[in-house]
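Visitor: Following this message is one structure expressed as structure tokens.
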Amino acid sequence: MMDIQIQSIVGIALLLLYAVSIGSLVLVLLLENRNPLKTIPWVIVLIFLPGVGLIFYFFFGQDNRRQRIISGKTYKRIMRPLRSNRIVQDTDCVSPEYQPLSNLLIRNGQSVLFRGCGLECFTNGADKFASLLEEIGRAKHHIHLQYYIFADSEIGRKVQQALIAKAREGVSVRVLYDDVGCWNVKKAFFNEMRRAGIEVYAFLRVFFPLFTSKVNYRNHRKIVVIDGKVGYLGGMNIADRYVKGTSLGLWRDTHFKITGKGVHGLQSAFLLDWYAASRALIKGKEYYPHAETEGDNLVQIAVSGPTGRWRTLLQAISFCINNAKKYLYIQTPYFLPTESLNQALQTVALGGVDVRLMLPKQSDTRSANMATHSFLDDLIRAGAKVYFYRSGFLHAKLLLVDDALTCIGSSNFDFRSFEHNFEINAFVYHEPFARQMKEIFMHDLETDCEQVVPSQWLTRPVPVRLAESFMRLFSPLL
């Protein structure tokens, strides 16, 4: 009898403890003042599916925006060279219509304006990697390389061996990779670089079976800085798919080589991530050498992530959409917009802006592709034109506005990039560059795309639309 009473007391105590835990989480959710559309589903899941809900919340529901991965003091120390170099930081050199955007990026993340930047565009992996390997071979002082995916593949081995060769010459080589993005890469691949003297770190390492909520936060940035004079950013990872293709065909992506002062923006972004991963503070004027004027482009490098107060890229992209007057062209592999961006696109399309959205006809992720399709109906009804890229898999990320503004970088047009990932984009305020990128967009559209016919698209079978709408519910997790 005593054993039964003890078991009952223990059972009641555990039940109360569990109820208090769930109640506390619900209270935390309410105090975070999130969007009600996000808060209510989590509250319902935690109350009615407490066990499963608690696990899902731990992995995918926590809001880390108020957390810091770098102290304010360290952040200022890393960013100090940008200010000491007296790089142009006022917005007088930006056209009046985009001064608010420039101000937003400066206030959100001290995104300095860089005049006199050279930009070279690559639309295929063969050209990009040939250029990268050539510049690695020229390195004299340091190589900083950061990718979401650094695959142990043919092209991955070429880059790895090029880095090892430079390390043996005495060049300082530092490599960052995302732990989730490189889950299938064996440790031996990175250890080989470490043995050659290369410093290698994983960003937000995920330890299993010790579960961690970090699994939902990925560093999706692609950054290369060589001697502080040459840089790369864009959508390509280090993988054979960009050179040889996959079952979907060749991966069509866009990447950029930057020269001039803009490289300093990439350098500061890398060094911030390097400190977050290694706790090593890298500083010195040799990392920010004097930069010659390489062109007429005015560039602003912007970083965004799940920590910090503001969703920088989400706010910036929202500004770009809402201020489009003539046209708005978008290339993205995944179109899972937040409600604010979805409404903004529909609004400008209804207002007569030429909105064109280019997506892959076939996706590497079936669930994301289905969810994407559910967002297209109202956009098409609003007057936007949608195109499916059919010559392989479109992985490019591009936003063009009115022959005046170009947004390039690592960010997809989806919840994950705007809410959960660490991303880096460049905003280019220069008409000739915008026209150059417009020509590339129109070439893709005219030679490799098929336009969605509204009368056919809007009459898709009900079961298909129902399945797509169901997958849309999971858009924030895809």
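Visitor: Quick check on my filter: what residues within region 359-391 are modelled with pLDDT of 90 or more and farther than 24 Å from THR447 by Cα?
Guide: Of everything in region 359-391, those that are modelled with pLDDT of 90 or more and farther than 24 Å from THR447 by Cα turn out to be PHE375, ASP377, ASP378, ARG381, ALA382.
Visitor: Okay, next question. How many residues are open to solvent by 10 Å² or more (accessible area, probe 1.4 Å), under 25 Å from the mean Cα position of the chain (by Cα) and within 19 Å of LEU266 (Cα to Cα) when one looks only at region 164-187?
Guide: Selection size over region 164-187: 2.
Visitor: If you don't mind, there's one more thing I want to ask. Within region 400-423, track down each residue that is aromatic (Phe, Trp, Tyr) and either open to solvent by less than 10 Å² (accessible area, probe 1.4 Å) or touching a Lys or Arg at 6+ places or on another chain (Cβ under 8 Å) (or both).
Guide: Correct list: PHE413, PHE418, PHE422.
Visitor: Find the residue count for region 100-149, including only residues that are under 24 Å from GLN436 (Cβ atoms), part of a helix (DSSP H, G or I) and open to solvent by less than 50 Å² (accessible area, probe 1.4 Å).
Guide: Number satisfying all stated conditions: 9.
Visitor: While we're looking at this one, here's another question. Kindly indicate which of LYS261, LYS257, LYS285 is closer than 20 Å to ARG115 by Cα and at pLDDT 95 or above.
Guide: Every option except LYS257 fails the conditions.
Visitor: Same structure, new question: Considering only residues that are aromatic (Phe, Trp, Tyr), assigned to a helix (DSSP H, G or I) and at pLDDT 95 or above, look in region 424-478 and name the one that is surrounded by the fewest Cβ atoms within 10 Å (Cβ to Cβ).
Guide: Filtering region 424-478 for residues that are aromatic (Phe, Trp, Tyr), assigned to a helix (DSSP H, G or I) and at pLDDT 95 or above, the one surrounded by the fewest Cβ atoms within 10 Å (Cβ to Cβ) comes out as PHE441.
Visitor: What are the residues in region 108-121 that are touching a Leu at 6+ places or on another chain (Cβ under 9 Å) and touching a residue at least 40 places away in the same chain (Cβ under 8 Å), if any?
Guide: Hits for region 108-121 are SER111, VAL112, LEU113, PHE114, ARG115, GLY116, CYS117.
Visitor: Somewhere in region 298-305, is a residue of a type in the set (A, V, I, L, M, F, W, C), part of a helix (DSSP H, G or I) and open to solvent by less than 10 Å² (accessible area, probe 1.4 Å)?
Guide: Within region 298-305, none of the residues are of a type in the set (A, V, I, L, M, F, W, C), part of a helix (DSSP H, G or I) and open to solvent by less than 10 Å² (accessible area, probe 1.4 Å).
Visitor: Looking only at residues that are open to solvent by 30 Å² or more (accessible area, probe 1.4 Å) and part of a helix (DSSP H, G or I) in region 319-345, which one is farthest from GLU97 (Cα to Cα)?
Guide: So the residue we want is GLU339.
Visitor: Kindly indicate whether any position in region 388-399 is in contact (Cβ under 8 Å) with a residue 40 or more places away in the chain, more than 30 Å from THR307 (Cβ to Cβ) and open to solvent by 40 Å² or more (accessible area, probe 1.4 Å).
Guide: yes
Visitor: Please count how many residues of region 240-283 are hydrophobic (A, V, I, L, M, F, W, C) and either under 17 Å from the mean Cα position of the chain (by Cα) or part of a helix (DSSP H, G or I) (or both).
Guide: 10
Visitor: Continuing with the same structure: Name the residues in region 405-423 that are modelled with pLDDT under 95 and hydrophobic (A, V, I, L, M, F, W, C), would you?
Guide: Once the filter is applied, which keeps residues that are modelled with pLDDT under 95 and hydrophobic (A, V, I, L, M, F, W, C), region 405-423 yields PHE413, PHE415, PHE418, PHE422.
Visitor: When you check VAL386 against the structure, is it of a type outside the set (S, T, N, Q) and over 16 Å from the mean Cα position of the chain (by Cα), yes or no?
Guide: yes
The values are calculated or read from the model by the stated rules, or taken from the named source; none is laboratory data. As the structure is a computational prediction, the values presented were derived from the model and not from experiment. For neighbour counting, all protein chains shown are included, and Cβ atoms are generated from backbone atoms with ideal geometry for every residue, glycine included. For accessibility, only protein heavy atoms count, side chains too; no ligands or nucleic acids. Shrake-Rupley method; radii C 1.70, N 1.55, O 1.52, S 1.80 Å.
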